[in-house]
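Structure record follows, encoded as structure tokens.
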């Protein structure tokens, strides 16, 4: 599995997207904090966090005794910059071509 | 519309894996001939010792705006361990309100995780700098403030791996 595969796989799950949304609102949370927002066992939440971490979407840092979870949007940005931009660029240029073609006909 | 974005976070952590040596990544962060080529394109200058001065001068792209000062970011080196770790203070001067938020703390951690692959982690401690935090997170991109760290790091990866920056 390459990096992009891991990101898409990690995002293809509502619980993991929920966890990312929670971290977006307030970053640097502990497992206990995140677990409190989900009707799921601690082990289940840990498993989801591990998938997010291996996809690079969550980065953990130690702060004293606590392990804090941070949202890392860079992998999504990489996909955006390499894929989404490429396709939207083509759409825009296709529209520009269409415009000049129609204007020539007029 | 996005003015309602409020980040309650005070520390932001960003990580990217780059197919390059730690030294190449270090140079790309600390040398003006490299920093001119990606992200905001400013020219970084470091006096690489604890207490040494740090500035980013406006690059070609930002200089085009008449209101942009020559020095757009300033700060001081706290810890320099090339090519592994750089800890410094960092204050944005392009905007009066952000400048008034004062110095933030920025750490770059550079680790080789396998032959030819380097992991770069950026930790930006933004206590007391909520306006800057929106910009560094990329939350002000639609207002023309660039895509913050996610954009800078994506562009840096592209530059070091392909020799070319991202389009646009």
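Read-outs throughout are calculated quantities, based only on the coordinates presented, and are distinct from any laboratory measurement. Source: prediction; values computed, not measured. Neighbour counts are summed over all protein chains in view; Cβ atoms, including those assigned to glycine, are modelled from backbone coordinates with ideal geometry.
Some observations on this one:
- Helices (runs of 4 or more DSSP H) contained entirely in segment A:3-77, each with at least 2 residues that are in contact (Cβ under 8 Å) with a residue 40 or more places away in the chain: A:3-11, A:14-25, A:42-54
- Of the residues making up segment A:40-58, none is within 14 Å of chain B (Cβ to nearest Cβ), over 18 Å from residue B:17 (Cβ atoms), in contact with a helix residue (DSSP H, G or I) (Cβ under 7 Å, 6 or more places away or on another chain) and surrounded by 13 or more Cβ atoms within 10 Å (Cβ to Cβ).
- Within the set A:12, A:36, the sole residue that is under 24 Å from residue B:11 (Cβ atoms) and out of contact with any strand residue (DSSP E or B) (no Cβ under 7 Å at 6 or more places or on another chain) turns out to be A:36.
- Among the residues of segment B:88-104, not a single one is within 14 Å of another protein chain (Cβ to nearest Cβ) and either without any contact (Cβ under 8 Å) to a residue 24 or more places away in the chain or more than 16 Å from the chain's Cα centre (by Cα) (or both).
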